[in-house]
Amino acid sequence: MSTIEKKETVQSARRGLLVFFLLLIPLTAISYILALTVTPVYGLLLMWAPGISSILTRILLREGFADISLRFGGRRTLRTIPFILLLPVAVGLVAYGTAWITGLAEYTGHNGNVIGSLVWAILIQMSIGTAMGIISSAGEELGWRGYMLTRLIEARVPKPILMSGLIWGVWHIPAILIGSYYSGPSLALSVVLFMVTISSFNIIISLLRLSTGSLWPAVLLHASWNAIIQDAFDRFTSGKNAYLWTGESGILVAVTLVIAAWFFYRRSALDVRL
């Protein structure tokens, strides 16, 4: 690629990011307002805001859709399936298990929980929960890893993976501030811990997308995480300080994911800047 072509690629990527964010910000605001004032069902629109914004950007700028990487990816993707399904389970067992054993949070699995045993709940969420979660996670991934991440790299934004994680985290913060999403005893601490958690998770999910050349591992891991952590481990956890130690704004989950992201990055064969 010539110097002129490289410059054009950078300019095109930056233009795409500008249009993407100009569409994303108002669509996100509208989705939040509708979800809060009309019906929570509009939360699905919120999760699709990044995807819709990326699709409209591609159409407006005539960028095409080839680079979304919706191809399954063959064996490279298939090899990631066990990791995709087991990572949330491993993080959950370490983080939540530590909280239960030490008494930092309460395990409610034996108190008439309608889901049944934790093992049964995990198995259900690994299969049915993950499959259903694709509907919402696909909306986010089309925008975050299907568009924003690659454009940040092409635009030569410093530390593009870390930057994409910060943007992804900030996008969630309004939900934490209004108390509808992992709001612990201290809102400030919840925000900080959530940013650590989502930035660490973003490293893993971004490297999966880049290493396989397919968006599907990102979609599946996002769906698997939401299903297993939120609909299995969270439902078996209670206590006054549950959100301080567990959940996506919990200390133990944040620490566990930082360690997991570090190991995953060290083992990655990709020569890419975080």
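Has segment 122-143 got at least one residue that is more than 17 Å from residue 224 (Cα to Cα) and modelled with pLDDT of 95 or more?
Yes, segment 122-143 contains a residue that is more than 17 Å from residue 224 (Cα to Cα) and modelled with pLDDT of 95 or more.
Is there a residue in segment 5-14 that is free of Cβ contacts under 8 Å to residues at least 24 places away in the same chain, in a loop (DSSP other than H, G, I, E, B) and over 22 Å from the mean Cα position of the chain (by Cα)?
No: zero hits.
Take the conditions polar (S, T, N, Q) and open to solvent by less than 20 Å² (accessible area, probe 1.4 Å) and apply them to residue 127. Does it pass?
Judged against the criteria, residue 127 is not a match.
Every residue in segment 142-159 that is open to solvent by 30 Å² or more (accessible area, probe 1.4 Å) and touching a Leu at 6+ places or on another chain (Cβ under 6 Å), please.
159
Right, residue 34: over 17 Å from residue 142 (Cβ atoms), open to solvent by less than 60 Å² (accessible area, probe 1.4 Å) and part of a helix (DSSP H, G or I) or not?
yes
I want to confirm something. Restricting to segment 160-182 and keeping residues that are outside any helix (DSSP H, G or I) and open to solvent by 30 Å² or more (accessible area, probe 1.4 Å), which single residue is nearest to residue 198 (Cα to Cα)?
181
Among the numbered criteria (1) buried (at least 19 other Cβ atoms within 10 Å of the Cβ); (2) in contact with a Ser or Thr (Cβ under 6 Å, 6 or more places away or on another chain), which single criterion is violated by residue 213?
Among (1) buried (at least 19 other Cβ atoms within 10 Å of the Cβ); (2) in contact with a Ser or Thr (Cβ under 6 Å, 6 or more places away or on another chain), residue 213 violates only (1).
The values are calculated or read from the model by the stated rules, or taken from the named source; none is laboratory data. None of these values were measured; they are calculated from a predicted model. Don't worry about glycine lacking a Cβ; one is built from the backbone with ideal geometry, like all the others, and counts go over all protein chains shown. Surface areas here come from the heavy atoms of the whole protein model, side chains and all, with no ligands, DNA or RNA. Shrake-Rupley method; radii C 1.70, N 1.55, O 1.52, S 1.80 Å.
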